[in-house]
Each structure stands twice: as structure tokens, then as C-alpha cells.
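J.: Quick one: the structure is below, questions incoming.
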Amino acid sequence: MTPPQRKRRHPGQEPPPPPPPPRAAEPGGEEQGRPKNPERLYVITGPDGARAELDLVTLIVAREEIPPSVTPEQATLLRLCTSPLSVAELSAYLGLPFSAMTVLITELITAGLVQARAPIVRQALPDRSILEAVMHGLQKL
Amino acid sequence: MDFKSSDTIPGPRTEDHLPQTAQAAVKIVIVGGFGVGKTTMVGSVSEIRPLTTEETMTQAGVGVDDNYGSDSKTATTVAMDFGRISITDRLVLYLFGTPGQERFWFLWNGLFEGALGAVVLVDTRRLEVSFDVIGRLEERGVPFAVAVNSFPDAPRYPVEELRTALDLAPDIPIVECDARRRSSSRDVLMTLMRFLHSLAMTGALV
Ligand SMILES: Nc1nc2c(ncn2[C@@H]2O[C@H](COP(=O)(O)OP(=O)(O)OP(=O)(O)O)[C@@H](O)[C@H]2O)c(=O)[nH]1
Ligand SMILES: [Mg+2]
């Protein structure tokens, strides 16, 4: 029996990207060598002015005791992330879509109530020690 | 934003809490056509009960005559299964399995761009259901390994025949697996990691 046959594609073969969505996207902020992504919506500014983006696996940690001034929704979220939890896990536990989750979290970051720990993403010059750490961790499974 | 009253909110079980020292996370995406075993693989290696997150995607540029007011844009809810593996007390690995229509996964901002790499699951009874996603990974320069899920009644092809059929570059790893078994799924992830490491050594990673 002969399997069906695929034909290889190559980088940059994509059709031209669709026009940006009507919602205002934060422009720019492109790191070197990464493709332009018109749909990058979740750019946030930390207390130190550093720009960070909320990823599915950005780890969110509550900074301190929950102040009485917060809304019940915020209190719930703060209780969930007394130990670090990814945005994806928060979204799953709270039953909220990812983008709604990022709105809530961004408010808390702006208020200085939570800290966001950025993920390590694929890079042109990857940190080999990270790859090695992952291999080592998997070996122990 | 109305989620349920705070005392009924489910949260992580005690054993599912990450240590305070957890500094950063990395992610790997598991892709493949309908029913190839993506959810099974995420579940078999995850240390937490697999969870689901979702997002509503508006597919821009679909309606050619885009008249506002009448809702001509297609909004689709994209759900994503995911699991987690603690690597060290500082580093966490998340695995995302992507059900549904693959063209929507690629609208998920940063999912593939930020991932260390991807695992493509294929089922030799229906190889063609994984063709499109492989092409999309190639277009975006996302490094991947191919795992052939060994369903009992599936035809078995020699690896080189599969490589030809899938038109894969000679260096792309192809391994057999049983996604239901943790050790087998772990070995698939190890294969991907070794491949990524070799790309890093040769400076070939995009
Ligand atoms: N024999 C065998 N069966 C498997 C294996 N992996 C998955 N299955 C079975 O195949 C079926 C589909 O697996 P899923 O993990 O739900 O597949 P999926 O890719 O997540 O499917 P969708 O999300 O619907 O696209 C389930 O009944 C699994 O038990 C495998 O390695 N071997
Ligand atoms: Mg599934």
C-alpha cells in the first residue's frame, strides 16, 4: 500500500497576512528576528516601565496580602495565585477565555498586586542550558 | 465579569501548586489532525489533571465584502487542552494539545512563535489529516518532530517511506509512539528536545 503524498512548504511561503483586526492592536514591540504579528494585543507595562506581554504560560504570582479594596473577582484571582500559576491555568480554573483573563491580570499588574514572570521563548540564539534542563527534567519522569 | 461565587471556584489541588521559586515556563505544542491522540499524549505525561483554556477568534480577512453591522466575520471558540511538567524548582514545561481546525490555532498569538517546538502526531490510517499542519509549521519555521501513533489496525510503513510520503527534511526526527503510555510520550518529547538541542548547536534554529 502506498501512503498519500505531501509536498513540503518553506518559510515565508504563507499567503499575505490578513489586515489587522478592527480592535486597536499595540503596534511594534517586535524583537529581532521574530515575524511581525499584527494580532499582538496583550502588551502590558510593568511598574518598572518594562514592556511585557502576557503569554499563555506567563506565571502570575500575588505580591502580598489581599487588600480590602479589591473587587471580589480580583480577590478570587489573587487567592488562586498565592503560588505561581500560568495565565492558562487561571483561565481554566476561572472558566474565562484567555483574553478576558489577560484584562483582569493586567489590572492587577497595574495596581502592583501581582507579579508576572515572563516565559522563555524560542530564539535565534537559544539558551542551550534551558534545553538541557528540560531534557534532564524529562529524563526523571 | 461574573464568575461563580469565590468559595466555589475550583483551584489547583494542594499537590498542583508550583513552588514560589518557579521563575519561568516554556511550552511545547502537540499538533496533528482530528483524533490522532493529542489529548491522550498531553494527559499521559502531565503532572496535573489536564485543563482546558479557550479563546474566541475572529477570523479576519474572510468575508470579502465585509459589511459592518451584519456580522460577516466568523467568530470561533478555540479550545486548548494543556498539561504541565515541573522541570526544576525554577522551570516549568507546559504542553498544549490543539483540537479543532488547525487554521485557527495559528491565529493564537504567540502559541507557535514562542514555543520551543512542536510534536506532530500522525496516524498512518489517515496520514493526510496531518499534512496541512506540517506545512504551516514549515512556513513559520517552527521546529518539529513527527510521532507516529501506533494504532493497532494502522498500516505500518518503514520510516524512510514515511519520510518520503510526508516530504520531510532528512534531519527531522520520526519516531513511533503509544500516546497512552507516559514513558512513550516522554520519549517523544525527549526526541524533540534532542533535535532542538542539535539545531541550537549548529545555529540552525530560526
Ligand atoms: N491504540 C492507541 N490508541 C490511541 C493512542 N492514542 C490515542 N488513542 C485513542 O485514540 C482516540 C483519540 O485520541 P485523542 O487523544 O482524543 O485524540 P485527539 O487528537 O485529542 O482528538 P481531537 O482533539 O478530537 O482532534 C482515543 O480513543 C484514544 O484512546 C495510541 O497511541 N494507541
Ligand atoms: Mg483532543
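J.: Calculate, in nm to one decimal, what residue B:103 and residue B:56 gain on full extension: separation in residues at 0.36 nm each, minus their alpha carbon distance.
T.: Details: separation 47, 0.36 × 47 = 16.92 nm, distance 1.36 nm.
In short, 15.6 nm is gained.
J.: What list of ³J(HN,Hα) couplings, whole Hz, do you get for region A:53-70 from phi and the Karplus terms 6.51, -1.76, 1.60, once you set θ to phi - 60° and write x for glycine and proline?
T.: Working through the residues one at a time gives 10, 7, 9, 3, 10, 5, 8, 10, 10, 5, 7, 7, 4, 6, x, x, 6, 7 Hz.
J.: Per residue of A:115-127, what is the mean number of Cβ atoms on other protein chains within 10 angstrom of that residue's Cβ? Intermediate values should be presented prior to the final figure.
T.: Details: counts 0, 0, 5, 4, 9, 8, 8, 14, 5, 3, 3, 8, 1.
That average works out to 5.
J.: Suppose only helical runs count, i.e. DSSP H with n ≥ 4. What mean residue ellipticity at 222 nm does that imply for chain B under -39500 (n - 2.57) per run, divided by all residues and rounded to the nearest 500 deg cm²/dmol?
T.: Details: 5 runs with 51 residues, N = 206.
Here the helix-only value at 222 nm equals -7500 deg cm²/dmol.
J.: Same structure again: How large a share of the accessible area of region A:55-117, in percent, is made up of carbon and sulfur atoms when the probe is 1.4 Å and the other protein chains stay in place?
T.: Details: 1160 of 2150 Å².
Whole-percent figure for carbon plus sulfur exposure: 54.
J.: Other chains' Cβ within 10 Å of B:155-168 residues: what's the mean? Intermediate values should be presented prior to the final figure.
T.: Values: counts 3, 1, 3, 0, 0, 0, 2, 1, 0, 4, 5, 6, 5, 2.
Mean number of neighbouring Cβ atoms from other chains: 2.
J.: How large is ³J(HN,Hα), in whole Hz, for each residue of region A:84-100 in order, when computed from phi with the Karplus curve 6.51 cos²θ - 1.76 cosθ + 1.60 and θ = phi - 60°, using x for Gly and Pro?
T.: x, 9, 6, 4, 4, 5, 4, 4, 5, 5, 8, x, 10, x, 3, 5, 5
J.: Additional query: Could the peptides B:83-93, B:30-40 be put in order, highest first, of the mean number of other beta-carbon atoms found within 10 Å of their residues?
T.: Values: B:83-93: 19.5, B:30-40: 22.1.
Put in order of decreasing packing, that is B:30-40, B:83-93.
J.: Roughly how large is the B-A contact in terms of buried accessible area, totalled over both chains, probe 1.4 Å, nearest 100 Å²? Don't jump to the answer; show the numbers that get you there.
T.: Details: alone 11970 and 11070 Å², together 16080 Å².
Between B and A, the summed buried area is about 7000 Å².
J.: Using a 1.4 Å probe on protein heavy atoms, which residues of region B:170-206 have at least 40 Å² less accessible area in the complex than alone?
T.: B:186, B:190, B:193, B:197, B:200, B:205, B:206
J.: Between rounded, prolate and oblate, where does region B:83-206 land on the alpha carbon gyration tensor, with a ≥ b ≥ c its root eigenvalues, rounded for a/c under 1.5, else prolate if a/b exceeds b/c?
T.: Details: a/c = 1.35, a/b = 1.26, b/c = 1.07.
It is rounded, given that a/c, with a ≥ b ≥ c, falls under 1.5.
J.: Mind checking the per residue accessible area of region A:55-117 for me, 1.4 Å probe, whole number of Å²? Please report the intermediate quantities before stating the final value.
T.: Details: 2150 Å² over 63 residues.
Value returned for region A:55-117: 34 Å² of accessible area per residue.
J.: Need one word for region A:72-130: rounded, prolate or oblate. Basis is the Cα gyration tensor (sqrt eigenvalues a ≥ b ≥ c); a/c below 1.5 gives rounded, then a/b vs b/c decides.
T.: Numbers: a/c = 2.31, a/b = 2.01, b/c = 1.15.
The shape class here is prolate.
J.: Something else: Students often check this: by mean Cβ neighbours within 10 Å, which of A:108-115, B:156-163 ranks highest, and how do the rest follow? All intermediate terms of the calculation are to be shown ahead of the outcome.
T.: Values: A:108-115: 17.2, B:156-163: 13.2.
Ranking, from highest mean packing down: A:108-115, B:156-163.
J.: Another question, if that's okay. Please work out whether region B:129-185 counts as rounded, prolate or oblate from its C-alpha gyration tensor, where a ≥ b ≥ c are the square roots of the eigenvalues and a/c under 1.5 means rounded, while otherwise a/b larger than b/c means prolate and anything else oblate? It would help to have the intermediate numbers written out before the result.
T.: On the way: a/c = 1.86, a/b = 1.43, b/c = 1.30.
Note, shape of region B:129-185 comes out prolate.
J.: Hey, what do the phi angles of region B:102-117 turn into as Karplus ³J(HN,Hα) couplings, whole Hz, using 6.51/-1.76/1.60 and θ = phi - 60°, x for Gly and Pro?
T.: My calculation for region B:102-117 gives 4, 5, 7, 4, 6, 7, 6, 3, x, 4, 8, 4, x, 5, 4, x Hz in order.
J.: With both partners inside chain B, how many of the DSSP beta bridges are antiparallel, as a percent to the nearest 5?
T.: Numbers: 14 of 34 bridges.
Roughly 40 percent of the DSSP beta bridges within chain B come out antiparallel.
The values are calculated or read from the model by the stated rules, or taken from the named source; none is laboratory data. Computed from a predicted structure; not experimentally measured. When we count neighbours, we look across all protein chains shown, and the Cβ atoms used for this are built from the backbone with ideal geometry, even at glycine. We work out accessible area using only protein heavy atoms, side chains counted, and drop any ligands, DNA or RNA first. Shrake-Rupley method; radii C 1.70, N 1.55, O 1.52, S 1.80 Å.
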